[in-house]
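Asker: Pasting in a structure now, in structure tokens, and then I'll have a few things to ask.
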Amino acid sequence: MNSHGGDDEQTATLPLHEERTATSSCVFVFWPGGVATYELPARGTLTIGRAPDCTVTIDHPSVSRRHAALHVEDGIYVEDLGSSNGTRVGGRRLEANRREMLQPGSLVEVGLATAIVQGSSAIPTSVATLPPASIERDPGATRPTMDRLEDLVALVAPARISVILLGETGVGKEVMAERLHGLSPRAPRQLVRINCAALPEPILESELFGHERGAFTGAVQRKVGLLESADGGTVFLDEVAELPLTTQAKLLRVLESREITPVGAVASRPVDLRFIAATNRDLDAMVGQGLFRSDLYYRLQGITLRIPPLRDRRIEIPGLARTFAAHFSRAMNRPEPAISETAMALLVAADWPGNIRELRNVIERAVVLSAGRTTIETSHVSTEPKQAPSEGVAETLPPSSAGVRDLKEQVEALERQRIVEALQQSGGNQTEAAKLLGISRRMLLGRLDAYVLPRPRKR
């Protein structure tokens, strides 16, 4: 067995995926103050614990002397050996002395240590998946989901290894890419963001790789491509699943050779890049359908981090909501409002299909609607209108049906009603109505257009 422990720089920077063959496998173990990597046998058992004679030795008081075991057979199985603090998979504590097969991407919690099996044929994808809603299952037994993800990000960040970020729209994949770049030695250099879905295919190659003067009609001077501009830094490929197959092939050559060839150039140019890719699509399925190149997928998939949706991280909603409320209040030169208990309960209970991005928008709207009040109430985030708007300014709102409208629709309905009431109270004076709402006249006009409300004249 080969092992690397403690502060060994080679282990901490995770060069493993670029050195291992496709059939080899290993287990990462990290804990507060240490990290180790162990190769897995084709068949056999690895013991995990604090004792020096364990195969995987973890020097931390939360780990028992002989805590758990990994059994490599027709699959990979984990067994708790009667430890004091327990062994958990997906936030669920295992029954002692009973083997359980590990599913692809599972995190194994051994006290405050975390183990991840990588590269095995039994675990075909190196996905570090955080246990969904583990706090709700066993309060106090494990740290919050995102805390464990942050631990893994801190471990992966110093490496050159490529990273794929998976997660639904709005979960914060770009923020996580910024975090990986900021914690890496590449932080002083650029993080170049490339939205693969936003660049039209005819100009995509030129934008990525650059071009020489005269390479095509209109190329009147040399242009440095996005990849070359990121030399020494990090490239973030957002919506990577949207790349055309022809561009995928050219990007693969960059990953393999670490060289780029601008359009119209004769010679290649070396580049030092770290790639982070993100998508909300199932890349495995796309590879199977021939929509995404398998060789590019495996090159990008040094390690994959799956960011859980906000509904599986409800414990974080109060902190996020307060942070957003403070941010938007400062932007509007208003005192920071508190969020009432009932309003917060409603926020925590929502499903948030748009995740953090949707929560951010709802809190921004709530700060606008609260109009400088000291507290954001339930009515500012979701409730049905308290009364129909007065006649004469605009059409009344359709009745709300509880359980049919989602949170976004309810908030939009309330905002629309408040605008109508302010216009009536001001006698149709748009400037006065904007002051009553605590927003600019320009913003008010934008909301009138968005809600297809007529612009009333002064009476």
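The values are calculated or read from the model by the stated rules, or taken from the named source; none is laboratory data. These numbers come from a predicted model, not from an experiment. Don't worry about glycine lacking a Cβ; one is built from the backbone with ideal geometry, like all the others, and counts go over all protein chains shown. Areas reflect the complete protein model, heavy atoms only, side chains present, ligands, DNA and RNA absent. Shrake-Rupley method; radii C 1.70, N 1.55, O 1.52, S 1.80 Å.
Asker: Tell me which residues, restricted to segment 259-269, are in a loop (DSSP other than H, G, I, E, B) and either under 27 Å from the mean Cα position of the chain (by Cα) or buried (at least 22 other Cβ atoms within 10 Å of the Cβ) (or both). Steps first, please.
Answerer: As a first pass, look at segment 259-269 and keep what is in a loop (DSSP other than H, G, I, E, B): 261-262, 264-268.
PRO262, the sole residue that qualifies.
Asker: I'd like to verify a number: residues in segment 270-297 that are in a helix (DSSP H, G or I), within 21 Å of the chain's Cα centre (by Cα) and surrounded by fewer than 17 Cβ atoms within 10 Å (Cβ to Cβ), how many?
Answerer: 3
Asker: Taking the criterion of being within 25 Å of VAL287 (Cβ to Cβ), open to solvent by 60 Å² or more (accessible area, probe 1.4 Å) and assigned to a strand (DSSP E or B), would at least one residue in segment 218-229 satisfy it?
Answerer: There is no residue in segment 218-229 that is within 25 Å of VAL287 (Cβ to Cβ), open to solvent by 60 Å² or more (accessible area, probe 1.4 Å) and assigned to a strand (DSSP E or B).
Okay, residues lined up against (1) over 24 Å from ALA434 (Cβ atoms); (2) outside any loop (DSSP other than H, G, I, E, B):
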{"position": "HIS327", "(1), (2)": "no, yes"}
{"position": "ARG334", "(1), (2)": "no, no"}
{"position": "LEU347", "(1), (2)": "yes, yes"}
{"position": "PRO353", "(1), (2)": "yes, no"}
{"position": "GLU364", "(1), (2)": "no, yes"}
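Asker: Against the definition (outside any helix (DSSP H, G or I), touching a strand residue (DSSP E or B) at 6+ places or on another chain (Cβ under 7 Å) and over 24 Å from ALA267 (Cα atoms)), how does LEU165 come out, yes or no?
Answerer: Yes; evaluated as a whole, the condition is true for this residue.
Asker: Please pick out the residue among ARG98, ARG143, ARG160 that is under 26 Å from PRO41 (Cα atoms) and either assigned to a loop (DSSP other than H, G, I, E, B) or at pLDDT 80 or above (or both).
Answerer: On the way: ARG143 fails: under 26 Å from PRO41 (Cα atoms); ARG160 fails: under 26 Å from PRO41 (Cα atoms).
Step by step, each of ARG98, ARG143, ARG160 is checked, and only ARG98 is under 26 Å from PRO41 (Cα atoms) and either assigned to a loop (DSSP other than H, G, I, E, B) or at pLDDT 80 or above (or both).
Asker: Now a separate question. Of all residues being touching a helix residue (DSSP H, G or I) at 6+ places or on another chain (Cβ under 7 Å) and open to solvent by 10 Å² or more (accessible area, probe 1.4 Å) in segment 156-168, which is farthest from MET286 (Cα to Cα)? Just the residue, please.
Answerer: Per the stated criteria, the residue is PRO158.
Asker: Something else: Scan (1) without any contact (Cβ under 8 Å) to a residue 40 or more places away in the chain; (2) in contact with a Gly (Cβ under 6 Å, 6 or more places away or on another chain) for the single condition ILE307 breaks and write down its number.
Answerer: In the conditions (1) without any contact (Cβ under 8 Å) to a residue 40 or more places away in the chain; (2) in contact with a Gly (Cβ under 6 Å, 6 or more places away or on another chain), ILE307 misses (1) alone.
Asker: Only one residue in GLY182, GLY210 is open to solvent by less than 60 Å² (accessible area, probe 1.4 Å) and either acidic (Asp, Glu) or modelled with pLDDT of 90 or more (or both), so which one is that?
Answerer: GLY182
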